[in-house]
Structures are given as C-alpha cells and as structure tokens.
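Reviewing the structure listed below.
The values are calculated or read from the model by the stated rules, or taken from the named source; none is laboratory data. Worth saying up front: this structure is predicted, and the values here are computed from it rather than measured. Positions of Cβ are backbone-derived with ideal geometry, glycine not excepted, and every protein chain shown enters the neighbour counts.
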Amino acid sequence: MIDRYKWYEIASLYAGIAVFLFFVLAPFIEGFLVSLKPLSQLFSTPYSFIPKNGSFDAYFTMWKSVPALGMHIFNSFFISTVVTIVVIAVVVPAAYAFARFPFTGSAMLLGAFLAVNMFSGAVLLIPLFRLMRGLGLLNTYWAMIVPGAAFLIPSSIWLLRTYMMRIPKELDEAAWVDGASRLYTLRRVILPLAMPGIVVVAIMTFIGAYAQQFIFALTFNSKTEFMPLPVGLFAFFGKQEVIWNELMAASFIGILPVMIVIVFLQRYLVAGLTAGAVKQ
Amino acid sequence: MTSTRSATLFALALLAPALIYILTIVAYPLVDTIVLSFTNASLKASYDWVGWANYQRIFGAGNFTEVIIRTFIWTFFSVSIKMIVGMFGAVLLNAAIPGQTLFRILTMPPWVVPMSIGIFMWGWMYNGQFGMISGLLQNFGLTNGPIAFLAYGDTAFWATIVTDVWIGVPMVTIYFLAAMQSIPKDLYEAAWSDGAGRFYRFRRITVPMMIPAIITMSLLSLIATFNSFDIIWILTQGGPSNSTTTMIIDTYKTAIGSRKYGEGAARAVVISIFVIAFCLVYFRAVRKLQQGEAK
C-alpha cells in the first residue's frame, strides 16, 4: 500500500477541488440564484450573491415573456432525437464494416472520417447554406438535422468500431459456418452484442446534438416554430433589456432533462468521453 | 471462408450510407468553398469568376492578417489554460478521497449542457453593472466602479477566453484523468518503496507517462478552439471594435452578415488550410506515439 494522505494533504485536496468545482459550476450556481431573485434585486447595488425574498416566480412568468419556450424545448428534443436516429442508422453498418472487413484503403478512409471531425460547421457554412437552399430545406427541421448529424457521424463511427472490435470474431465466423448470411449475422449476432456500445453512442450523439444546436439553427432557420432552445433563447438574450431572471429560469428548464440524463448515465458518459476523445 | 472480394463489396455496401452522407454534407461543401472563393458570389443569382481577387483583397487590406494573428493568440492562451486547469482538475479528481465520484460528476455540466446556455450565464456574470464578477469585485472593494467586461477590447478578449476555457475544461480533465488511471500502479509503488515523495512521483512518473495524452489533447483542443464560434458570437459578436473577431467570426460576418459569399469563402479556405495543417501534425503525432508504444 502506498503512503496515506496526511491531514494537511487531504485539506488542501478538498480546498483545491472546491476552487476547481467553483470555477466549473459558478455560472450554474449564479444562474440558478438569479432565476430566484426578483428583477428589482438584480438591478440594485451592492451586489448580493444570495437572493432575498427568493421565489420561483420567474419560472411561471417566463412562459409569457417567451411564448414559444415550450415549442423551443420540444424542437430541441425533436431535432436531437432525429439526429440520433440518423446517426445510429448510418454509423452501425459503417462501424461494423471497419471493425470486421478491413479492405485496401479502409485505414485511410477511417482517417478521412476522423479528419471530417476537424472541420467545424462554421467553416463550411456558406456552401452548406447554398446546399440547404438548393434542396429547399431552409426554414425546416431538416436544415438543422442534416448538417447536425453529419458532424456527429465520424466520431461515432470511431467509437462504435472500437467497441465492435472487442466482440470476438469467432462469433461471426461460427454464424457463417452455420450458413447465416453476412447481413443476417450482423442483425442477429453482432447487433445484440453491440447494443451496450450502440447505447453509449446514442447517448453521446443525443447530448452532442442537444448541446450544439446553435450555428446551423441560427443561419438556416428564421422561423420561430422550428427554432431549437439555444437560438430561441438567444433572441431573448439579444434584446435591449434582458429579463435576466426569466432567461435563467428558461435556461434551467431547458437543461434540466439533460442534467437528469447525466446523473443517471454518467458511467456511460465517462466511457464514451474517453474513448471518443476525437470530439470536443 | 468467404472470398475477399465479396467481403470488400459487402463492406462497401455497409459503408455506403456514411460515405454518401459525408461526401454530400462535408466533402462537396469543401470543394464548393474553394470554387466560390474564386468568384464574386453574393445574394444575386449570377456571379463571375474573379481569380485571386478575393485573396488579394483580404490579404491586401492588412485587416485579415491582424485577424489571423489575433486568432492564434486567442487560441494559444485558451488551449494552454485549458491544459493547465485540466491537469490540475485531473490530479485533484484522481486522489482517493471520499466524494470522488460525486466530484467527477460535478465537473461535467459545462460539457453536456447546451453550450449556448452556459454562455448566456457567462453573459450575465460579465454584466458590467450588476453581474457577479463585477459585483463581487466591488463588494470586496477591489475596484472602484463597475467593470463592463464585454464593453472594452482587452477585457472582452480575456472574457471570451475564460468562457472558452470553462467549456473545454471538463473534456480535458476527464481525458487526463483516464490517462492518469491507465498508468501502471506498480511504478508508483516501486518509487514509493524507494522513498520517492508524492511530488517527486508526480514529476518523474505521472508527467512523463502523460505526455502522449497531453499532446493528443492539446492538438484536438487546438482544432476545436480554433473553430470556436458560439462563445464569441453570443458574448460579443466579435466586438467591441473587432477585439474578439477571430477568423471564424470574421468569415461569418463577411459571408452570412454581409452576404459576400465569395469573399467569405476565401476566408474559409484560409481557415481550412490551417485546419488541414493541424490535422497533419495531429496524425503524425499519433503515429509517432503509437510507434513509441510499440517499442
């Protein structure tokens, strides 16, 4: 056994963690406290961290200030869900191909997929805008779903490929010997075994899609009815006089579901995060 | 066993959807950007070939060179601070003390929460009159009056860096933590029985063993930071007076803001050249590291 911590070491570790976590969580803590403060208190000096006469009023009044809030939250969920379905549908066969049938040039192709990750949507915004316009997809959900999924596909292929490579090859071969077709093998042997990996990829994709809905939604859609939460709130944020407590309340309502997901699925997340370090 | 040829065909069939998707949504736009960069495309339906005019214009004015330099300074500070804070976080979260799991979960919110929502919260924190940072500084008597962080070039520049660091740190921390945990325990035990202290072990075992992870993460982080759009756009939209205008922001303003597709595309091509250069460095580094492992 390695040396134990001395009391002052433990104390400084906790102090360090407190400082570190304060940096990480300060905006959320402050945002939450702001959502509880009455507006008059926000705009008075001296500044106070703790709300006086705190209430959840803003959580009720915000629905009137941002009438489309519920719709924005729904849109965010809808877009992320469809993105996840598209990504999984495309990625599962591709990952299997890379994991099991390395052909000439497959390593290079895999590298090319990785390189796609390095391009942000912002760089390709002009041609994507033209493409979306050409396809008549501007101001529809698809203008956000189609490019959104594209940038989540490569890292998902990498992640799932790594996972599938851990499934013993003998299983596929045994199925082939028994006369199963390759497609049947993929469906009946590999798919069930790869399920945990697919679930991780799906969670990562959903969270990624939910988190990154900004630039495409900002540029390819101007209709409130299709706006996801980030852009919907950005319109609110950009106003001359921001009703901060309501904005913060709306933000919290919007992130609450994701927070719940994290708490329950953090084990998967850490696994996915470290294996899929190609995404940030 | 099945023949290689049919196996390859089967693999290609499985890959087809992904390939078609990426070719349409990433590769084709990349080519389109290059083509557009040699035209005077704008909102109008027709446009002409203008050769190198866009490139001459963006480099001739001197303005864009400034933007490039600013982007690199911005990226350099953001990435370096992320690495340092991430390493600090990983060391702390690696310590075997009660509460470890909870602390690890608590680092994740900036990464998983929609980026823009985190940025709205920073927008409030930076508020000059009543925001938390300015407010606390005043309450403690550290400054005489309110500081509107986003209203002045220098402070806005650093404010956007701090927010970018905040968004990137969870990822770096968790990645470093994983790398730290994969260092063989017996190395530490051997050093410990030889009488090496905690700091000595960190410096002589942890840091050297972490170098591959640090290189990988800095390059990935470099690419992500270089491409960072949301933070600057939401907080300052590139202002005040261009002090936070990085290449991405400049491209967005030109192309989408002013509808100068051709000029914007030329900027996007310059960005792409940098990104490709970073990628090559990254792939080379990864290969070197793998060879190093094999030895």
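Residues that are more than 21 Å from the chain's Cα centre (by Cα) and either on the phi > 0 side of the Ramachandran plot or in a helix (DSSP H, G or I) (or both) within segment A:216-234 comprise A:Thr224, A:Glu225, listed in sequence order. Here A:Phe77 meets the list (1) touching a residue at least 60 places away in the same chain (Cβ under 8 Å); (2) within 11 Å of chain B (Cβ to nearest Cβ); (3) under 27 Å from the mean Cα position of the chain (by Cα) almost entirely, failing just condition (2). Screening segment B:113-128 for residues that are facing chain A (nearest Cβ under 8 Å), outside any loop (DSSP other than H, G, I, E, B) and under 17 Å from the mean Cα position of the chain (by Cα) and picking the one that is nearest to B:Phe149 (Cα to Cα) gives B:Gly118.
Would you say B:Gly168 is assigned to a helix (DSSP H, G or I), within 19 Å of A:Ala250 (Cα to Cα) and within 9 Å of another protein chain (Cβ to nearest Cβ)?
Against the criterion (assigned to a helix (DSSP H, G or I), within 19 Å of A:Ala250 (Cα to Cα) and within 9 Å of another protein chain (Cβ to nearest Cβ)), B:Gly168 does not qualify.
For the residues B:Phe59, B:Phe88, the requirement of being facing chain A (nearest Cβ under 7 Å), at negative phi and without any contact (Cβ under 8 Å) to a residue 60 or more places away in the chain singles out B:Phe88. All told, B:Ala148 falls short of being in contact with a Ser or Thr (Cβ under 7 Å, 6 or more places away or on another chain), buried (at least 16 other Cβ atoms within 10 Å of the Cβ) and more than 9 Å from chain A (Cβ to nearest Cβ).
Residues of segment B:250-259 include at least one that is more than 10 Å from chain A (Cβ to nearest Cβ), buried (at least 17 other Cβ atoms within 10 Å of the Cβ) and not polar (S, T, N, Q). Within the option set A:Val24, A:Val90, being surrounded by 17 or more Cβ atoms within 10 Å (Cβ to Cβ), in contact (Cβ under 8 Å) with a residue 24 or more places away in the chain and within 13 Å of another protein chain (Cβ to nearest Cβ) holds for one residue only, A:Val90.
Yes/no per residue for (1) free of Cβ contacts under 8 Å to residues at least 40 places away in the same chain; (2) touching a Cys at 6+ places or on another chain (Cβ under 8 Å); (3) over 15 Å from A:Gln212 (Cβ atoms):
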residue	(1), (2), (3)
A:Leu124	yes, no, no
A:Pro127	yes, no, yes
A:Gly136	yes, no, yes
A:Ala143	no, no, no
A:Ala150	yes, no, no
A:Lys169	no, no, yes
A:Glu173	yes, no, yes
A:Ala180	yes, no, yes
A:Tyr184	yes, no, yes
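Residue count for segment B:32-74 satisfying the condition of being over 30 Å from B:Ser221 (Cα atoms) and either among the aliphatic types (A, V, I, L, M) or not in a helix (DSSP H, G or I) (or both): 17.
What do you reckon, is B:Ile234 of a type outside the set (S, T, N, Q), within 10 Å of chain A (Cβ to nearest Cβ) and over 21 Å from B:Val169 (Cα atoms)? Judged against the criteria, B:Ile234 is not a match. Those helices (runs of 4 or more DSSP H) of segment A:108-194 in which at least 3 residues are crowded, with 18+ Cβ neighbours inside 10 Å and at pLDDT 90 or above, considering only elements entirely within it, cover A:125-134, A:142-150, A:153-165.
Out of curiosity, is B:Leu222 under 13 Å from the mean Cα position of the chain (by Cα), at pLDDT 90 or above and not in a loop (DSSP other than H, G, I, E, B)? Judged against the criteria, B:Leu222 is a match. Kindly indicate the residue of segment B:272-292 that is without any contact (Cβ under 8 Å) to a residue 40 or more places away in the chain and either of a type outside the set (D, E, K, R) or surrounded by fewer than 10 Cβ atoms within 10 Å (Cβ to Cβ) (or both) and also farthest from the other protein chains (Cβ to nearest Cβ) among those meeting that condition. Per the criteria, the residue is B:Gln291.
A search for C-beta distances below 7 Å between a residue of segment A:201-225 that is surrounded by 21 or more Cβ atoms within 10 Å (Cβ to Cβ) and any residue that is aromatic (Phe, Trp, Tyr) and in a helix (DSSP H, G or I), counting only pairs 6+ apart in sequence or on different chains, returns A:Thr219/A:Phe129; A:Phe220/A:Phe129.
Have a look at B:Pro29, B:Pro98, B:Pro17, B:Pro110 and point out the one that is within 12 Å of chain A (Cβ to nearest Cβ), within 30 Å of B:Gly239 (Cβ to Cβ) and without any contact (Cβ under 8 Å) to a residue 40 or more places away in the chain. After applying the criteria, what remains is B:Pro29.
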